[in-house]
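The structure appears below as C-alpha coordinates.
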Amino acid sequence: MATDTALFHSTRSTTRMCTAKQAIRKGIAEDGGLFVTDCLGEERYDITHLAEKSYQEIAQDVLQLLLPDFSTEELAQCVERAYAEQWSDERITPLHQLGSTKDFVLELFHGPTCAFKDVALQMLPQLMSHTREESSADGRNVMILTATSGDTGKAALAGFADVPGTSMITFYPEGKVSRVQELQMTTQVGENVRVCAVRGNFDDAQTGVKQIFTNSELTDSLMNDENTVLSSANSINVGRLVPQVVYYFAAYADLLKRQVITLGDEVEFCVPTGNFGDILAGYYAKMLGLPVKHLVVASNSNNVLFDFLVSGTYNRQRPFHHTVAPSMDILVSSNLERMLYYMCNKDTRLIQMLMNDLQQWGAFEIPEDVLAKIRTLFGCGWANEDQIRQAIADCWKQYQYVIDPHTACGYFVMQHIPHDESVPRVLLSTASPYKFPRVVAEALSLEVEDLDDFHCMDAVSKVTNTKIPAMLRNLENKTPRFTDVIGIEEMPEYVREHAHNIAL
Ligand SMILES: *Cc1c(COP(=O)(O)O)cnc(C)c1O
(Lines give C-alpha, C1' and ligand atoms only; values in the text may rest on other atoms or scores of the structure.)
Protein backbone atom coordinates (compact mmCIF):
# COMPACT_ATOMS: atom_id res chain seq x y z
CA MET A 1 0.00 0.00 0.00
CA ALA A 2 1.54 3.31 -1.04
CA THR A 3 1.96 5.68 1.89
CA ASP A 4 1.17 8.74 -0.22
CA THR A 5 -2.25 7.36 -1.07
CA ALA A 6 -5.18 9.05 0.66
CA LEU A 7 -6.37 6.63 3.29
CA PHE A 8 -9.91 6.41 4.58
CA HIS A 9 -11.12 5.84 8.11
CA SER A 10 -14.37 6.07 10.03
CA THR A 11 -15.87 9.43 11.05
CA ARG A 12 -15.96 7.89 14.56
CA SER A 13 -12.40 6.59 14.96
CA THR A 14 -9.00 6.54 13.26
CA THR A 15 -7.81 3.13 14.35
CA ARG A 16 -8.48 1.29 11.09
CA MET A 17 -7.28 2.78 7.83
CA CYS A 18 -8.21 1.54 4.37
CA THR A 19 -7.84 2.48 0.72
CA ALA A 20 -10.59 4.02 -1.39
CA LYS A 21 -11.19 0.64 -3.02
CA GLN A 22 -11.67 -1.06 0.32
CA ALA A 23 -13.93 1.76 1.50
CA ILE A 24 -16.13 1.33 -1.58
CA ARG A 25 -16.27 -2.42 -1.09
CA LYS A 26 -17.17 -2.20 2.59
CA GLY A 27 -19.65 0.66 2.23
CA ILE A 28 -19.84 1.49 5.92
CA ALA A 29 -17.12 1.34 8.59
CA GLU A 30 -17.22 -1.42 11.21
CA ASP A 31 -18.09 0.99 14.01
CA GLY A 32 -21.09 2.30 12.07
CA GLY A 33 -19.29 5.47 10.98
CA LEU A 34 -18.83 6.77 7.43
CA PHE A 35 -15.57 6.58 5.51
CA VAL A 36 -13.70 9.89 5.24
CA THR A 37 -10.17 10.91 4.29
CA ASP A 38 -8.17 13.60 6.07
CA CYS A 39 -6.46 14.58 2.82
CA LEU A 40 -9.62 16.10 1.38
CA GLY A 41 -8.83 19.61 0.17
CA GLU A 42 -5.05 19.31 0.47
CA GLU A 43 -4.83 18.90 -3.26
CA ARG A 44 -7.10 21.26 -5.17
CA TYR A 45 -8.63 20.90 -8.60
CA ASP A 46 -7.08 23.44 -10.96
CA ILE A 47 -10.13 25.04 -12.61
CA THR A 48 -8.16 27.19 -15.07
CA HIS A 49 -9.14 25.09 -18.10
CA LEU A 50 -12.50 23.89 -16.83
CA ALA A 51 -14.49 25.62 -19.56
CA GLU A 52 -12.78 23.56 -22.27
CA LYS A 53 -13.52 20.21 -20.68
CA SER A 54 -16.27 17.68 -21.33
CA TYR A 55 -18.29 16.11 -18.52
CA GLN A 56 -16.26 12.93 -18.90
CA GLU A 57 -12.94 14.79 -18.68
CA ILE A 58 -14.05 16.60 -15.52
CA ALA A 59 -15.22 13.27 -14.07
CA GLN A 60 -11.84 11.69 -14.75
CA ASP A 61 -10.02 14.58 -13.00
CA VAL A 62 -12.29 14.73 -9.95
CA LEU A 63 -12.39 10.96 -9.45
CA GLN A 64 -8.62 10.74 -9.70
CA LEU A 65 -8.25 13.38 -6.98
CA LEU A 66 -10.70 11.72 -4.62
CA LEU A 67 -9.93 8.04 -5.35
CA PRO A 68 -6.15 8.06 -5.80
CA ASP A 69 -5.63 4.29 -5.60
CA PHE A 70 -7.59 3.73 -8.81
CA SER A 71 -5.28 3.89 -11.82
CA THR A 72 -5.86 6.42 -14.60
CA GLU A 73 -6.76 3.56 -16.94
CA GLU A 74 -9.25 2.07 -14.49
CA LEU A 75 -11.00 5.40 -14.03
CA ALA A 76 -11.01 6.06 -17.77
CA GLN A 77 -12.82 2.76 -18.29
CA CYS A 78 -15.30 3.50 -15.48
CA VAL A 79 -16.07 6.96 -16.88
CA GLU A 80 -16.44 5.66 -20.41
CA ARG A 81 -18.96 3.03 -19.32
CA ALA A 82 -20.89 5.14 -16.81
CA TYR A 83 -21.45 8.23 -18.94
CA ALA A 84 -22.22 6.99 -22.43
CA GLU A 85 -25.18 6.24 -24.67
CA GLN A 86 -27.51 5.38 -21.79
CA TRP A 87 -27.81 9.13 -21.15
CA SER A 88 -30.42 10.96 -23.18
CA ASP A 89 -28.30 14.15 -23.27
CA GLU A 90 -24.66 14.02 -24.33
CA ARG A 91 -23.81 16.80 -21.86
CA ILE A 92 -24.93 14.36 -19.10
CA THR A 93 -26.10 17.14 -16.73
CA PRO A 94 -27.18 20.10 -18.92
CA LEU A 95 -27.82 23.55 -17.47
CA HIS A 96 -31.08 25.37 -18.21
CA GLN A 97 -31.42 29.13 -17.77
CA LEU A 98 -34.63 30.42 -16.21
CA GLY A 99 -35.75 33.21 -18.55
CA SER A 100 -33.03 35.85 -18.69
CA THR A 101 -32.25 35.68 -14.98
CA LYS A 102 -29.03 34.60 -13.30
CA ASP A 103 -30.86 31.54 -12.02
CA PHE A 104 -30.12 28.19 -13.65
CA VAL A 105 -31.41 24.66 -13.28
CA LEU A 106 -28.91 21.81 -13.41
CA GLU A 107 -30.81 18.86 -14.87
CA LEU A 108 -29.57 15.68 -13.21
CA PHE A 109 -32.29 13.43 -14.62
CA HIS A 110 -31.14 12.41 -18.09
CA GLY A 111 -29.90 8.98 -17.02
CA PRO A 112 -31.58 5.61 -17.57
CA THR A 113 -34.15 5.97 -14.75
CA CYS A 114 -34.84 9.71 -15.14
CA ALA A 115 -33.65 10.74 -11.67
CA PHE A 116 -30.44 12.08 -10.18
CA LYS A 117 -29.41 8.86 -8.46
CA ASP A 118 -28.34 7.59 -11.89
CA VAL A 119 -25.35 9.95 -11.86
CA ALA A 120 -23.89 8.03 -8.93
CA LEU A 121 -25.41 4.61 -9.56
CA GLN A 122 -24.12 4.36 -13.11
CA MET A 123 -20.62 4.89 -11.69
CA LEU A 124 -20.64 2.94 -8.39
CA PRO A 125 -20.92 -0.53 -10.01
CA GLN A 126 -18.03 0.28 -12.36
CA LEU A 127 -15.87 1.34 -9.42
CA MET A 128 -17.00 -1.71 -7.46
CA SER A 129 -15.95 -4.11 -10.21
CA HIS A 130 -12.40 -2.69 -10.03
CA THR A 131 -12.13 -3.26 -6.28
CA ARG A 132 -11.87 -7.00 -6.81
CA GLU A 133 -8.36 -7.87 -7.87
CA GLU A 134 -6.41 -6.17 -5.13
CA SER A 135 -5.83 -8.95 -2.62
CA SER A 136 -6.92 -12.55 -2.25
CA ALA A 137 -9.47 -11.67 0.44
CA ASP A 138 -11.04 -9.25 -2.01
CA GLY A 139 -10.99 -11.66 -4.91
CA ARG A 140 -14.64 -12.51 -4.43
CA ASN A 141 -17.79 -11.60 -6.26
CA VAL A 142 -20.04 -8.97 -4.77
CA MET A 143 -23.76 -9.47 -4.37
CA ILE A 144 -25.72 -6.28 -3.80
CA LEU A 145 -28.87 -6.47 -1.69
CA THR A 146 -31.25 -3.55 -1.36
CA ALA A 147 -34.69 -2.89 0.01
CA THR A 148 -36.38 -0.09 -1.88
CA SER A 149 -39.44 2.07 -1.48
CA GLY A 150 -39.36 2.58 -5.24
CA ASP A 151 -36.70 4.74 -6.83
CA THR A 152 -33.27 3.80 -5.53
CA GLY A 153 -33.77 0.11 -6.30
CA LYS A 154 -34.37 0.79 -9.96
CA ALA A 155 -31.40 3.13 -10.31
CA ALA A 156 -29.16 0.52 -8.64
CA LEU A 157 -30.52 -2.29 -10.87
CA ALA A 158 -29.81 -0.23 -13.97
CA GLY A 159 -26.29 0.43 -12.74
CA PHE A 160 -25.38 -3.13 -11.77
CA ALA A 161 -27.00 -4.93 -14.71
CA ASP A 162 -24.34 -7.15 -16.31
CA VAL A 163 -21.40 -5.53 -14.52
CA PRO A 164 -18.67 -8.22 -14.18
CA GLY A 165 -18.15 -9.75 -10.76
CA THR A 166 -21.44 -8.47 -9.39
CA SER A 167 -25.03 -9.54 -8.92
CA MET A 168 -27.99 -7.86 -7.33
CA ILE A 169 -31.37 -8.50 -5.70
CA THR A 170 -33.86 -5.75 -4.91
CA PHE A 171 -36.76 -6.35 -2.53
CA TYR A 172 -39.74 -4.04 -2.54
CA PRO A 173 -42.95 -4.05 -0.47
CA GLU A 174 -45.77 -5.67 -2.44
CA GLY A 175 -48.48 -3.19 -3.34
CA LYS A 176 -46.64 -0.26 -1.72
CA VAL A 177 -44.92 1.23 -4.76
CA SER A 178 -46.56 3.02 -7.69
CA ARG A 179 -47.38 1.12 -10.88
CA VAL A 180 -44.73 3.03 -12.77
CA GLN A 181 -42.11 2.29 -10.12
CA GLU A 182 -43.03 -1.38 -10.03
CA LEU A 183 -42.87 -1.71 -13.81
CA GLN A 184 -39.58 0.14 -13.89
CA MET A 185 -38.10 -2.50 -11.62
CA THR A 186 -39.81 -5.67 -12.82
CA THR A 187 -38.90 -5.01 -16.47
CA GLN A 188 -35.20 -4.48 -15.73
CA VAL A 189 -32.89 -6.42 -18.05
CA GLY A 190 -29.60 -8.08 -17.07
CA GLU A 191 -28.70 -11.71 -16.32
CA ASN A 192 -27.25 -10.89 -12.89
CA VAL A 193 -30.19 -8.95 -11.41
CA ARG A 194 -33.43 -10.02 -9.74
CA VAL A 195 -36.41 -8.18 -8.34
CA CYS A 196 -38.73 -9.64 -5.72
CA ALA A 197 -41.81 -8.34 -3.96
CA VAL A 198 -42.15 -9.12 -0.25
CA ARG A 199 -45.30 -9.24 1.85
CA GLY A 200 -45.01 -6.34 4.28
CA ASN A 201 -44.16 -2.64 4.24
CA PHE A 202 -40.87 -0.95 3.38
CA ASP A 203 -39.54 -1.17 6.94
CA ASP A 204 -40.20 -4.94 6.99
CA ALA A 205 -38.27 -5.36 3.75
CA GLN A 206 -35.46 -3.15 5.06
CA THR A 207 -35.28 -5.11 8.31
CA GLY A 208 -35.24 -8.37 6.34
CA VAL A 209 -32.23 -7.17 4.35
CA LYS A 210 -30.41 -5.99 7.47
CA GLN A 211 -30.93 -9.39 9.08
CA ILE A 212 -29.42 -11.10 6.07
CA PHE A 213 -26.26 -9.01 6.43
CA THR A 214 -25.84 -10.18 10.03
CA ASN A 215 -26.88 -13.80 9.35
CA SER A 216 -23.41 -15.37 9.63
CA GLU A 217 -24.57 -18.83 8.68
CA LEU A 218 -25.83 -17.47 5.38
CA THR A 219 -22.90 -15.14 4.72
CA ASP A 220 -20.40 -17.92 5.49
CA SER A 221 -22.08 -20.33 3.13
CA LEU A 222 -22.23 -17.68 0.38
CA MET A 223 -18.52 -17.08 0.85
CA ASN A 224 -17.55 -20.74 0.89
CA ASP A 225 -19.95 -22.14 -1.69
CA GLU A 226 -20.36 -19.22 -4.06
CA ASN A 227 -17.19 -17.16 -3.47
CA THR A 228 -19.51 -14.22 -2.88
CA VAL A 229 -19.70 -11.41 -0.32
CA LEU A 230 -22.72 -9.23 0.33
CA SER A 231 -22.67 -5.47 -0.07
CA SER A 232 -25.13 -2.61 -0.36
CA ALA A 233 -25.42 0.41 -2.61
CA ASN A 234 -26.30 2.97 0.06
CA SER A 235 -25.89 6.68 -0.53
CA ILE A 236 -23.26 6.72 2.22
CA ASN A 237 -20.91 4.67 0.01
CA VAL A 238 -17.86 6.70 -1.04
CA GLY A 239 -18.45 5.36 -4.54
CA ARG A 240 -21.82 7.11 -4.67
CA LEU A 241 -20.68 10.36 -3.14
CA VAL A 242 -17.66 11.03 -5.31
CA PRO A 243 -19.42 10.93 -8.73
CA GLN A 244 -21.80 13.62 -7.47
CA VAL A 245 -18.95 16.08 -6.89
CA VAL A 246 -18.38 16.13 -10.65
CA TYR A 247 -21.55 17.94 -11.69
CA TYR A 248 -20.85 20.91 -9.44
CA PHE A 249 -17.69 21.49 -11.47
CA ALA A 250 -19.54 20.75 -14.71
CA ALA A 251 -22.14 23.41 -13.84
CA TYR A 252 -19.38 25.92 -13.12
CA ALA A 253 -17.75 25.04 -16.44
CA ASP A 254 -21.02 25.70 -18.22
CA LEU A 255 -21.44 29.10 -16.54
CA LEU A 256 -17.91 30.00 -17.66
CA LYS A 257 -18.68 28.91 -21.23
CA ARG A 258 -21.80 31.06 -21.27
CA GLN A 259 -19.79 33.97 -19.87
CA VAL A 260 -22.21 34.36 -16.99
CA ILE A 261 -19.14 34.31 -14.74
CA THR A 262 -15.40 34.71 -15.11
CA LEU A 263 -12.87 32.41 -13.52
CA GLY A 264 -12.94 32.68 -9.73
CA ASP A 265 -16.43 34.23 -9.43
CA GLU A 266 -18.58 32.71 -6.73
CA VAL A 267 -21.74 30.70 -7.39
CA GLU A 268 -24.55 29.57 -5.11
CA PHE A 269 -26.19 26.13 -5.24
CA CYS A 270 -29.66 25.24 -4.01
CA VAL A 271 -30.16 21.52 -3.41
CA PRO A 272 -33.33 19.49 -2.67
CA THR A 273 -32.08 17.34 0.18
CA GLY A 274 -33.01 14.12 1.97
CA ASN A 275 -30.08 12.03 3.07
CA PHE A 276 -27.68 14.98 2.62
CA GLY A 277 -25.70 13.14 -0.08
CA ASP A 278 -26.25 15.45 -3.01
CA ILE A 279 -25.48 18.65 -1.08
CA LEU A 280 -22.51 17.08 0.71
CA ALA A 281 -20.97 16.57 -2.73
CA GLY A 282 -21.22 20.36 -3.17
CA TYR A 283 -19.28 20.81 0.05
CA TYR A 284 -16.60 18.43 -1.25
CA ALA A 285 -16.46 20.48 -4.47
CA LYS A 286 -15.87 23.61 -2.41
CA MET A 287 -13.10 21.89 -0.47
CA LEU A 288 -11.51 20.94 -3.79
CA GLY A 289 -11.41 24.64 -4.65
CA LEU A 290 -14.67 25.36 -6.49
CA PRO A 291 -15.75 28.97 -5.75
CA VAL A 292 -19.00 28.25 -3.89
CA LYS A 293 -20.55 31.12 -1.94
CA HIS A 294 -23.45 29.27 -0.35
CA LEU A 295 -25.01 25.83 -0.37
CA VAL A 296 -28.72 26.03 0.33
CA VAL A 297 -30.46 23.01 1.81
CA ALA A 298 -34.06 22.71 0.58
CA SER A 299 -36.37 20.34 2.47
CA ASN A 300 -40.02 19.30 2.36
CA SER A 301 -42.18 19.13 5.53
CA ASN A 302 -39.76 16.60 6.98
CA ASN A 303 -37.70 19.66 7.82
CA VAL A 304 -35.33 18.16 10.37
CA LEU A 305 -32.31 19.67 8.59
CA PHE A 306 -33.86 23.13 8.53
CA ASP A 307 -34.42 23.04 12.28
CA PHE A 308 -30.90 21.74 12.79
CA LEU A 309 -29.28 24.48 10.74
CA VAL A 310 -31.30 27.12 12.58
CA SER A 311 -30.91 25.81 16.13
CA GLY A 312 -27.89 23.48 16.25
CA THR A 313 -30.09 20.67 17.58
CA TYR A 314 -30.81 17.67 15.40
CA ASN A 315 -33.99 16.02 16.62
CA ARG A 316 -35.42 13.06 14.75
CA GLN A 317 -38.23 12.62 17.26
CA ARG A 318 -41.00 14.24 15.31
CA PRO A 319 -43.92 13.21 13.14
CA PHE A 320 -43.01 11.61 9.82
CA HIS A 321 -44.81 13.11 6.83
CA HIS A 322 -45.57 11.29 3.59
CA THR A 323 -45.17 14.11 1.08
CA VAL A 324 -45.50 14.59 -2.68
CA ALA A 325 -41.67 14.66 -2.73
CA PRO A 326 -41.25 11.15 -1.28
CA SER A 327 -37.53 10.73 -1.98
CA MET A 328 -36.91 13.47 0.60
CA ASP A 329 -39.11 11.90 3.28
CA ILE A 330 -36.21 11.19 5.59
CA LEU A 331 -35.67 11.92 9.28
CA VAL A 332 -32.10 10.67 9.63
CA SER A 333 -29.84 12.34 7.08
CA SER A 334 -26.94 9.91 7.25
CA ASN A 335 -24.43 11.84 5.16
CA LEU A 336 -24.65 14.84 7.48
CA GLU A 337 -22.14 13.01 9.66
CA ARG A 338 -19.42 13.62 7.09
CA MET A 339 -20.03 17.37 6.97
CA LEU A 340 -20.01 17.51 10.78
CA TYR A 341 -16.71 15.63 10.82
CA TYR A 342 -14.97 18.24 8.67
CA MET A 343 -16.72 21.20 10.30
CA CYS A 344 -15.63 20.15 13.81
CA ASN A 345 -12.01 19.87 12.70
CA LYS A 346 -12.02 16.10 12.31
CA ASP A 347 -12.81 15.40 15.93
CA THR A 348 -13.79 11.71 15.81
CA ARG A 349 -14.59 11.63 19.53
CA LEU A 350 -17.11 14.43 19.23
CA ILE A 351 -18.75 12.72 16.25
CA GLN A 352 -18.95 9.45 18.14
CA MET A 353 -20.63 11.23 21.05
CA LEU A 354 -23.15 13.00 18.82
CA MET A 355 -24.06 9.77 17.05
CA ASN A 356 -24.44 7.96 20.35
CA ASP A 357 -26.80 10.70 21.48
CA LEU A 358 -28.78 10.31 18.27
CA GLN A 359 -29.11 6.59 18.78
CA GLN A 360 -29.89 6.78 22.46
CA TRP A 361 -32.02 9.92 22.72
CA GLY A 362 -33.07 10.53 19.13
CA ALA A 363 -31.32 13.90 19.17
CA PHE A 364 -27.95 15.65 19.44
CA GLU A 365 -26.72 19.20 19.82
CA ILE A 366 -23.52 20.60 18.28
CA PRO A 367 -21.27 23.23 19.91
CA GLU A 368 -22.15 26.85 19.13
CA ASP A 369 -18.91 27.63 17.32
CA VAL A 370 -19.41 24.65 14.98
CA LEU A 371 -22.93 25.81 14.18
CA ALA A 372 -21.66 29.33 13.45
CA LYS A 373 -19.08 27.93 11.06
CA ILE A 374 -21.63 25.73 9.29
CA ARG A 375 -23.97 28.68 8.89
CA THR A 376 -21.42 30.80 7.05
CA LEU A 377 -21.67 28.28 4.20
CA PHE A 378 -25.04 26.51 4.48
CA GLY A 379 -28.38 28.24 4.04
CA CYS A 380 -31.72 26.50 4.44
CA GLY A 381 -35.42 26.57 3.72
CA TRP A 382 -38.35 24.23 3.24
CA ALA A 383 -41.65 23.94 1.39
CA ASN A 384 -44.92 22.42 2.59
CA GLU A 385 -47.28 20.45 0.32
CA ASP A 386 -49.17 23.50 -0.97
CA GLN A 387 -45.97 25.42 -1.52
CA ILE A 388 -44.53 22.56 -3.58
CA ARG A 389 -47.58 22.54 -5.86
CA GLN A 390 -47.59 26.32 -6.05
CA ALA A 391 -43.88 26.32 -6.99
CA ILE A 392 -44.53 23.92 -9.89
CA ALA A 393 -47.31 26.21 -11.13
CA ASP A 394 -45.25 29.41 -10.63
CA CYS A 395 -42.18 28.08 -12.41
CA TRP A 396 -44.31 27.02 -15.37
CA LYS A 397 -46.16 30.34 -15.49
CA GLN A 398 -43.08 32.50 -15.12
CA TYR A 399 -40.53 30.56 -17.18
CA GLN A 400 -42.49 27.91 -19.15
CA TYR A 401 -40.35 25.31 -17.46
CA VAL A 402 -41.81 22.19 -15.84
CA ILE A 403 -40.25 20.89 -12.62
CA ASP A 404 -40.88 17.84 -10.46
CA PRO A 405 -42.02 18.08 -6.80
CA HIS A 406 -38.49 17.59 -5.37
CA THR A 407 -37.00 20.28 -7.56
CA ALA A 408 -40.00 22.43 -6.61
CA CYS A 409 -38.89 22.43 -2.95
CA GLY A 410 -35.64 24.01 -4.09
CA TYR A 411 -37.42 26.42 -6.42
CA PHE A 412 -39.69 27.59 -3.62
CA VAL A 413 -36.74 28.14 -1.28
CA MET A 414 -34.81 30.04 -3.97
CA GLN A 415 -37.73 32.39 -4.50
CA HIS A 416 -38.02 33.17 -0.79
CA ILE A 417 -34.51 33.27 0.61
CA PRO A 418 -32.60 36.58 0.61
CA HIS A 419 -29.59 36.57 -1.72
CA ASP A 420 -26.99 38.72 -3.46
CA GLU A 421 -28.42 39.47 -6.95
CA SER A 422 -25.00 39.58 -8.54
CA VAL A 423 -24.25 35.95 -7.64
CA PRO A 424 -25.56 33.36 -10.12
CA ARG A 425 -27.57 30.54 -8.58
CA VAL A 426 -27.88 26.94 -9.66
CA LEU A 427 -30.87 24.83 -8.62
CA LEU A 428 -30.18 21.11 -8.74
CA SER A 429 -33.09 19.33 -10.42
CA THR A 430 -33.26 15.79 -9.10
CA ALA A 431 -36.02 14.14 -11.14
CA SER A 432 -37.85 14.40 -14.42
CA PRO A 433 -41.35 15.84 -13.93
CA TYR A 434 -42.61 12.73 -15.72
CA LYS A 435 -41.58 10.56 -12.78
CA PHE A 436 -44.29 12.28 -10.74
CA PRO A 437 -46.87 13.02 -13.44
CA ARG A 438 -49.98 13.14 -11.25
CA VAL A 439 -48.73 15.80 -8.83
CA VAL A 440 -47.32 17.84 -11.69
CA ALA A 441 -50.57 17.61 -13.67
CA GLU A 442 -52.61 18.63 -10.64
CA ALA A 443 -50.27 21.54 -9.90
CA LEU A 444 -50.80 22.73 -13.47
CA SER A 445 -54.58 22.56 -12.87
CA LEU A 446 -55.17 19.75 -15.36
CA GLU A 447 -58.19 17.47 -14.96
CA VAL A 448 -56.60 14.12 -14.23
CA GLU A 449 -58.78 12.66 -11.50
CA ASP A 450 -59.94 9.75 -13.65
CA LEU A 451 -56.65 9.12 -15.42
CA ASP A 452 -53.91 6.61 -14.64
CA ASP A 453 -50.28 7.77 -14.36
CA PHE A 454 -49.53 7.16 -18.03
CA HIS A 455 -52.38 9.36 -19.12
CA CYS A 456 -51.26 11.99 -16.61
CA MET A 457 -47.95 11.96 -18.50
CA ASP A 458 -49.81 12.50 -21.76
CA ALA A 459 -51.78 15.38 -20.27
CA VAL A 460 -48.65 17.15 -18.99
CA SER A 461 -46.88 16.59 -22.29
CA LYS A 462 -49.73 18.03 -24.31
CA VAL A 463 -50.11 21.18 -22.24
CA THR A 464 -46.41 21.92 -21.80
CA ASN A 465 -45.29 20.70 -25.21
CA THR A 466 -42.45 18.71 -23.66
CA LYS A 467 -41.42 15.16 -24.49
CA ILE A 468 -42.13 12.22 -22.21
CA PRO A 469 -38.98 10.13 -21.71
CA ALA A 470 -39.64 6.98 -23.80
CA MET A 471 -38.29 4.84 -20.99
CA LEU A 472 -41.22 5.92 -18.80
CA ARG A 473 -44.02 6.09 -21.36
CA ASN A 474 -43.19 2.68 -22.90
CA LEU A 475 -43.57 0.91 -19.56
CA GLU A 476 -47.32 0.75 -20.05
CA ASN A 477 -46.96 -1.99 -22.67
CA LYS A 478 -44.09 -3.93 -21.18
CA THR A 479 -44.37 -7.39 -19.65
CA PRO A 480 -42.68 -7.85 -16.26
CA ARG A 481 -39.75 -10.27 -16.14
CA PHE A 482 -40.00 -10.73 -12.38
CA THR A 483 -43.18 -11.78 -10.60
CA ASP A 484 -41.90 -13.43 -7.41
CA VAL A 485 -43.71 -12.58 -4.19
CA ILE A 486 -42.37 -14.01 -0.93
CA GLY A 487 -42.76 -13.65 2.82
CA ILE A 488 -40.15 -11.76 4.85
CA GLU A 489 -39.01 -15.03 6.44
CA GLU A 490 -38.23 -16.50 3.02
CA MET A 491 -35.74 -13.76 2.12
CA PRO A 492 -32.53 -15.54 3.28
CA GLU A 493 -33.38 -18.67 1.28
CA TYR A 494 -34.19 -16.52 -1.76
CA VAL A 495 -30.77 -14.91 -1.54
CA ARG A 496 -29.05 -18.28 -1.22
CA GLU A 497 -30.93 -19.64 -4.22
CA HIS A 498 -29.93 -16.80 -6.50
CA ALA A 499 -26.37 -16.25 -5.34
CA HIS A 500 -24.86 -17.90 -8.41
CA ASN A 501 -26.24 -15.30 -10.81
CA ILE A 502 -22.92 -13.44 -11.03
CA ALA A 503 -22.09 -11.59 -14.25
CA LEU A 504 -18.80 -12.66 -15.81
C1 LIG B 1 -32.68 10.76 -3.43
C2 LIG B 1 -33.40 11.95 -3.96
C3 LIG B 1 -33.27 13.23 -3.37
C4 LIG B 1 -32.45 13.47 -2.12
O5 LIG B 1 -31.08 13.28 -2.33
P6 LIG B 1 -30.11 13.11 -1.07
O7 LIG B 1 -28.78 12.82 -1.65
O8 LIG B 1 -30.68 11.98 -0.27
O9 LIG B 1 -30.15 14.40 -0.35
C10 LIG B 1 -33.94 14.28 -3.95
N11 LIG B 1 -34.73 14.12 -5.04
C12 LIG B 1 -34.88 12.92 -5.63
C13 LIG B 1 -35.77 12.80 -6.82
C14 LIG B 1 -34.22 11.79 -5.13
O15 LIG B 1 -34.40 10.61 -5.73
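Name the residues in segment 231-240 that are surrounded by fewer than 24 Cβ atoms within 10 Å (Cβ to Cβ) and within 13 Å of the ligand (Cβ to nearest atom), would you?
Passing the criteria: 234, 235, 236.
Taking segment 292-326 as the region of interest, how many residues are in contact with a Gly (Cβ under 6 Å, 6 or more places away or on another chain) and within 22 Å of residue 248 (Cα to Cα)?
Of the residues in that region, 4 qualify.
So, in segment 41-50, how many residues would count as being modelled with pLDDT of 95 or more and either out of contact with any Leu (no Cβ under 8 Å at 6 or more places or on another chain) or surrounded by fewer than 16 Cβ atoms within 10 Å (Cβ to Cβ) (or both)?
Qualifying residue count, segment 41-50: 4.
Go through segment 303-406 and tell me which strands (runs of 3 or more DSSP E), entirely inside it, have 1 or more residues that are out of contact with any strand residue (DSSP E or B) (no Cβ under 7 Å at 6 or more places or on another chain).
Of the strands (runs of 3 or more DSSP E) lying wholly inside segment 303-406, none has at least 1 residues that are out of contact with any strand residue (DSSP E or B) (no Cβ under 7 Å at 6 or more places or on another chain).
So is residue 99 in a loop (DSSP other than H, G, I, E, B), among the small types (Gly, Ala, Ser) and crowded, with 24+ Cβ neighbours inside 10 Å or not?
No; evaluated as a whole, the condition is false for this residue.
Working only within segment 75-96, note down all residues that are crowded, with 24+ Cβ neighbours inside 10 Å and either within 16 Å of the ligand (Cβ to nearest atom) or among the small types (Gly, Ala, Ser) (or both).
The answer is 82, 93.
Filter segment 263-282 down to residues that are of a type in the set (Val, Ile, Thr) and away from the ligand (no atom under 16 Å from the Cβ), then give me how many there are.
Here the count works out to 1.
Would you mind telling me which numbered condition in (1) within 30 Å of residue 297 (Cα to Cα); (2) out of contact with any Gly (no Cβ under 8 Å at 6 or more places or on another chain) residue 416 fails?
It fails just one condition, (2).
I'm checking my understanding of the structure. Among residues of segment 51-67 that are over 22 Å from residue 262 (Cβ atoms), touching a helix residue (DSSP H, G or I) at 6+ places or on another chain (Cβ under 7 Å) and in contact (Cβ under 8 Å) with a residue 60 or more places away in the chain, which one is surrounded by the fewest Cβ atoms within 10 Å (Cβ to Cβ)?
Here the residue is 66.
Can you name the residue in segment 394-419 that is surrounded by fewer than 16 Cβ atoms within 10 Å (Cβ to Cβ) and modelled with pLDDT of 95 or more and, of all such residues, is nearest to residue 345 (Cα to Cα)?
Restricting to residues being surrounded by fewer than 16 Cβ atoms within 10 Å (Cβ to Cβ) and modelled with pLDDT of 95 or more, the top hit is 416.
Would you mind finding the one in 309, 336, 288, 340 that is farther than 20 Å from residue 151 by Cβ and more than 16 Å from the ligand (Cβ to nearest atom)?
It is 288.
Would you check if there is a residue in segment 190-209 being at pLDDT 95 or above, in contact with a strand residue (DSSP E or B) (Cβ under 7 Å, 6 or more places away or on another chain), more than 30 Å from residue 261 (Cα to Cα) and surrounded by fewer than 20 Cβ atoms within 10 Å (Cβ to Cβ)?
yes
If only one of 435, 397 is more than 18 Å from residue 251 (Cβ to Cβ), within 16 Å of the ligand (Cβ to nearest atom) and not aliphatic (A, V, I, L, M), which one is it?
Of 435, 397, the one residue that is more than 18 Å from residue 251 (Cβ to Cβ), within 16 Å of the ligand (Cβ to nearest atom) and not aliphatic (A, V, I, L, M) is 435.
Residues in segment 273-287 that are part of a loop (DSSP other than H, G, I, E, B) and crowded, with 23+ Cβ neighbours inside 10 Å: how many?
Here the count works out to 3.
Between a first residue in segment 323-334 that is on the phi > 0 side of the Ramachandran plot and a second residue that is near the ligand (Cβ under 9 Å from one of its atoms) and aromatic (Phe, Trp, Tyr), which pairs have beta carbons less than 7 Å apart while being 6 or more apart in sequence or on different chains?
That search, which allows pairs on different chains as well, returns nothing.
The values are calculated or read from the model by the stated rules, or taken from the named source; none is laboratory data. This is a predicted model, so every value here is computed, not measured. Neighbour counts run over all protein chains shown; Cβ positions are idealised from the backbone, glycine included.
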